[in-house]
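All remarks here apply to the structure that follows.
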């Protein structure tokens, strides 16, 4: 099983970028095409929605030890052991 994260955005002229995050949800599935089909038909673009599907866990390398590890795709740079900022604090 692979874990995916779906981010749903809606057009919103009140915000500076013109859209807002509506939903961020994790799914544990092997069938990416079925997940995409479900999201596409639930959150339709003609209603102003946009979606992005990310693989939740990404492989990174610890900058200090060189060990390979997994972390969430949305981990802030300063909180990731793969950055110099993390080790300089």
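Dividing the mean sequence gap of close Cα pairs (under 8 Å, 6+ apart) by how many residues the chain holds gives a relative contact order of 25 percent. When you work out D = kT/(6 pi eta Rh) for the chain at 25 °C and 0.890 mPa s, using the Kirkwood radius from C-alpha pairs as Rh and the Stokes-Einstein form, the result is 162 µm²/s.
On the beta carbon distance between residue 31 and residue 71, with R0 = 30 Å, the FRET formula returns roughly 0.80. Please list, in order, the residues from the range 44-74 whose amide nitrogen is less than 20 Å from a point placed 7 Å along the Cα→Cβ vector of residue 15. Counting only backbone N, you get 44-55, 73-74. You can think of it this way: the chain between residue 22 and residue 79 has 18.1 nm of extra reach, that is 0.36 nm per residue less the Cα-Cα gap.
Taken together, the values in this text are just the output of simple stated rules run on the coordinates, not laboratory data. Quick caveat, the model's predicted, so the values are computed rather than measured. Every residue, glycine as well, gets a Cβ built from its backbone with ideal geometry; the counts of neighbours run over all protein chains shown.
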